[in-house]
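What follows is a short report on a single structure.
The values are calculated or read from the model by the stated rules, or taken from the named source; none is laboratory data. The shown structure was predicted, so the numbers you read here are calculated from the model rather than taken from an experiment. Note: ideal-geometry Cβ built from the backbone for every residue, glycine included; neighbour counts use all protein chains shown.
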Amino acid sequence: MEHQIPPSPPHVLIFPLPLQGPIKCMLKLAELLCISGDIDVTFLNTQHNHRRLLQYTAVESRFSAYPQFRFQTVSDGLPDDHPRSTDRLGDLLKGLWTVTHPNFKEMLSSGSFDRPVTCVIADGALTFALDVAEEVGIPLIYFETISPCGLWTYFCVQKLIDAGEIPFQGDDLDAPIQSVPGMEDFLRRRDLPSFCRTTDLNDPIIQLAMGECRQVPRSRGLILNTFEELDRPVLSHLRSLCPNLYPVGPLHTHLVKKTRLEIESTPPQRASSDSLWQEDKSCITWLDKQPLRSVIYISIGSLAMMTMEQLVEFWHGLVNSGVQFLWVRRPNSIVGEDLAGQIEELLEATKERGCLVSWAPQEEVLAHPAIGGFLTHSGWNSTLESLMEGVPMVCWPYFVDQHVNSRFVSEVWKIGIDMKDTCDRVVIEKMIKDLMDVKGDEFRQSMDWLSKFARESLSVGGSSVCNLNRLIEDIRAMKV
Ligand code: UDX
């Protein structure tokens, strides 16, 4: 009797941009694909980030539950001792294009993976990934880890240039913007992605964003970390250019849910945080001692930086507000770290008023009952995490999509206050007080409503679950 060889399972290669936010949500997607049971997954990390991930998280033991999962690494082109800080982001981009790109091409074309790759899922910013995948004949799906509202403004950059809206004529940042369909009623110059403030249209970041928008519609589909009910109008605009959208988020909540389902008999547990820095969990013990909704959490994410002058304004604003705080001061997040000694002195003086850590278990912090507000840089992951935990925000965006996100937080979703382009102690004090006293309840109501939709989208038959299932089916149907 002839034995039939079973068909080999599909094999997805996941390739994140080597930054904290993208790695975190793409690992979550990787885990969801593993949970589907019959998809092999390889996660391609840069060597540098992989070392950090292994050092600071339990990611290896978590993924050891999935025999079909592998990590593989590639060089980011930078020496080990390079700081890879935001002010040197240009070096990272250069390394990615000059070293990672040819390595990725070599890996994909020479079959250096232990099984043939049947589908690539790459971060939308990795524009070269589509060219390589096309050359070797492997279908590619992009994953835009930035916000959909931010992405839509990226798509409109050419339109903005054609209409003469960028580069800006004059310096009125409050001038309304008319060339982003769907946002005419509330978008101002200052709400556009930070790179639109350039006077030089050849600036590498604006060129990268425009390149991304040329590549993404050519891929097999586009995964987004959102849910239909949050971003419906923007998704409908994006669908006009990328008809095959997979809004599967909020991914971090998806996984908590999956984990809960899987370990029904034990108490709910938070998914691993996948941090590239050592989490200081002592802040949770500190939070346990604080009254309900009494603490403001301050974090500017993994890339944003502030000057010493800005830090001093934040400090005065906070102290004058009288509100207790939990402040994340990420290493290398202050421009001119040589002033670090002074910073420590300043912060030491407020020790009794708050808790200072260099990296927090953010999802756990936002879920803590003592947290009443979040002063954030409006990164997309942070925005979704805050929304899902019902924590109102004061937004201080730093760059890229964050300026659009903070406008949506204040004007569209009405779940926080936008403080962009301001760093003044009086304003900070007032906004923190407003958030913690008067406006918090109003914002929490809007968030209750939105997070209810999010939870529905993650339940059986919900939009994000259906989109994830469709993505899984489409991956299963792909052949090299
Ligand atoms: C980058 C971009 O800047 C952002 O605009 C884009 O939307 C995604 O990528 P980043 O600075 O990494 O953002 O911010 P964010 O997207 O919010 O991701 C930061 C992640 O780090 C969050 O998931 C947050 O939970 C985590 N974090 C942050 C911690 O776990 N601990 C901390 O102390 C701070």
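Select, from VAL400, VAL427, VAL365, the only residue that is assigned to a helix (DSSP H, G or I), within 10 Å of the ligand (Cβ to nearest atom) and modelled with pLDDT of 95 or more. Answer to the check: VAL365.
Kindly provide the set of residues from the stretch 439-480 that are surrounded by 15 or more Cβ atoms within 10 Å (Cβ to Cβ) and of a type in the set (A, V, I, L, M), ordered by number. Listed by number, the residues that qualify are MET447, LEU450, ALA454, LEU458, VAL465, LEU468, LEU471, ILE472, ILE475, MET478. Does THR199 meet the test of being within 16 Å of the ligand (Cβ to nearest atom) and of a type in the set (Val, Ile, Thr)? It is false that THR199 is within 16 Å of the ligand (Cβ to nearest atom) and of a type in the set (Val, Ile, Thr). What about LEU435, is it away from the ligand (no atom under 16 Å from the Cβ), among the aliphatic types (A, V, I, L, M), farther than 20 Å from MET305 by Cα and over 19 Å from the mean Cα position of the chain (by Cα)? Yes; evaluated as a whole, the condition is true for this residue.
Restricting ILE177, ILE205 to those that are aliphatic (A, V, I, L, M) and either in contact with a Phe, Trp or Tyr (Cβ under 6 Å, 6 or more places away or on another chain) or in the same structural domain as LEU251 (by TED's automatic domain parsing) (or both) reduces the list to ILE205.
Hey, any hits in the stretch 95-103 for a residue that's within 16 Å of the ligand (Cβ to nearest atom), surrounded by fewer than 21 Cβ atoms within 10 Å (Cβ to Cβ) and more than 28 Å from THR226 (Cα to Cα)? Let's see the steps before the verdict.
Looking only at the stretch 95-103, we keep the residues that are within 16 Å of the ligand (Cβ to nearest atom), and these are 96.
From the residues that got through so far, the ones that are surrounded by fewer than 21 Cβ atoms within 10 Å (Cβ to Cβ) too are none.
No, because not a single residue in the stretch 95-103 is within 16 Å of the ligand (Cβ to nearest atom), surrounded by fewer than 21 Cβ atoms within 10 Å (Cβ to Cβ) and more than 28 Å from THR226 (Cα to Cα).
Of all residues in the stretch 395-430, those satisfying the criterion of being of a type in the set (Val, Ile, Thr) and farther than 27 Å from HIS254 by Cβ are ILE417, THR422, VAL426, VAL427, ILE428. Would you confirm, using the coordinates I've provided, whether GLY379 is within 16 Å of the ligand (Cβ to nearest atom) and in contact with a Ser or Thr (Cβ under 8 Å, 6 or more places away or on another chain)? Answer is yes for this residue.
Only one of the numbered conditions (1) touching a Lys or Arg at 6+ places or on another chain (Cβ under 9 Å); (2) in contact (Cβ under 8 Å) with a residue 40 or more places away in the chain; (3) surrounded by 22 or more Cβ atoms within 10 Å (Cβ to Cβ) is violated by ILE166, and that is (2). A single entry from MET393, MET388, MET419 fulfils the requirement of being more than 28 Å from TYR246 (Cβ to Cβ) and crowded, with 20+ Cβ neighbours inside 10 Å: MET419.
Just one residue in the set LEU32, LEU54, LEU17, LEU44 is under 21 Å from the mean Cα position of the chain (by Cα) and either modelled with pLDDT under 95 or small (Gly, Ala, Ser) (or both); that residue is LEU54.
Is there a residue being hydrophobic (A, V, I, L, M, F, W, C), more than 19 Å from LEU13 (Cβ to Cβ) and out of contact with any Phe, Trp or Tyr (no Cβ under 8 Å at 6 or more places or on another chain) anywhere in the stretch 38-49? No: zero hits. Residue-level check: of (1) within 26 Å of ASP87 (Cβ to Cβ); (2) at pLDDT below 95; (3) crowded, with 20+ Cβ neighbours inside 10 Å, VAL312 misses just (3).
What residue, among those in the stretch 403-418 that are more than 16 Å from the ligand (Cβ to nearest atom) and in contact with a strand residue (DSSP E or B) (Cβ under 7 Å, 6 or more places away or on another chain), is farthest from ALA304 (Cα to Cα)? The residue in question is SER410.
In this structure, THR153 does satisfy being in contact with a Pro (Cβ under 7 Å, 6 or more places away or on another chain), more than 30 Å from GLU473 (Cβ to Cβ) and not in a loop (DSSP other than H, G, I, E, B). Pairs are defined by a Cβ separation below 7 Å, a sequence spacing of at least 6 or placement on different chains, a first member in the stretch 15-29 that is in contact (Cβ under 8 Å) with a residue 12 or more places away in the chain and part of a loop (DSSP other than H, G, I, E, B), and a second member that is near the ligand (Cβ under 8 Å from one of its atoms) and of a type in the set (Gly, Ala, Ser); the pairs so defined are LEU19/SER302.
Of the residues making up the stretch 39-62, those that are of a type in the set (S, T, N, Q) and assigned to a strand (DSSP E or B) are THR42, ASN45, THR46.
Just a yes or no: is a residue in the stretch 357-376 among the acidic types (Asp, Glu), in contact with a Ser or Thr (Cβ under 9 Å, 6 or more places away or on another chain) and surrounded by 19 or more Cβ atoms within 10 Å (Cβ to Cβ)? Please lay out each step first, then the result.
Step one: list which residues in the stretch 357-376 are among the acidic types (Asp, Glu), which gives 363-364.
After this cut, where a residue has to be in contact with a Ser or Thr (Cβ under 9 Å, 6 or more places away or on another chain) as well, the list is 363-364.
Still in the list and also surrounded by 19 or more Cβ atoms within 10 Å (Cβ to Cβ): 363.
The answer is yes, given that some residue of the stretch 357-376 is among the acidic types (Asp, Glu), in contact with a Ser or Thr (Cβ under 9 Å, 6 or more places away or on another chain) and surrounded by 19 or more Cβ atoms within 10 Å (Cβ to Cβ).
Give me the pairs: first residue in the stretch 454-466 and part of a loop (DSSP other than H, G, I, E, B), second residue crowded, with 19+ Cβ neighbours inside 10 Å and among the small types (Gly, Ala, Ser), beta-carbon distance under 6 Å, and six or more apart or on different chains, which are they? Taking only residues 6 or more apart or on different chains, the pairs are LEU458/SER464.
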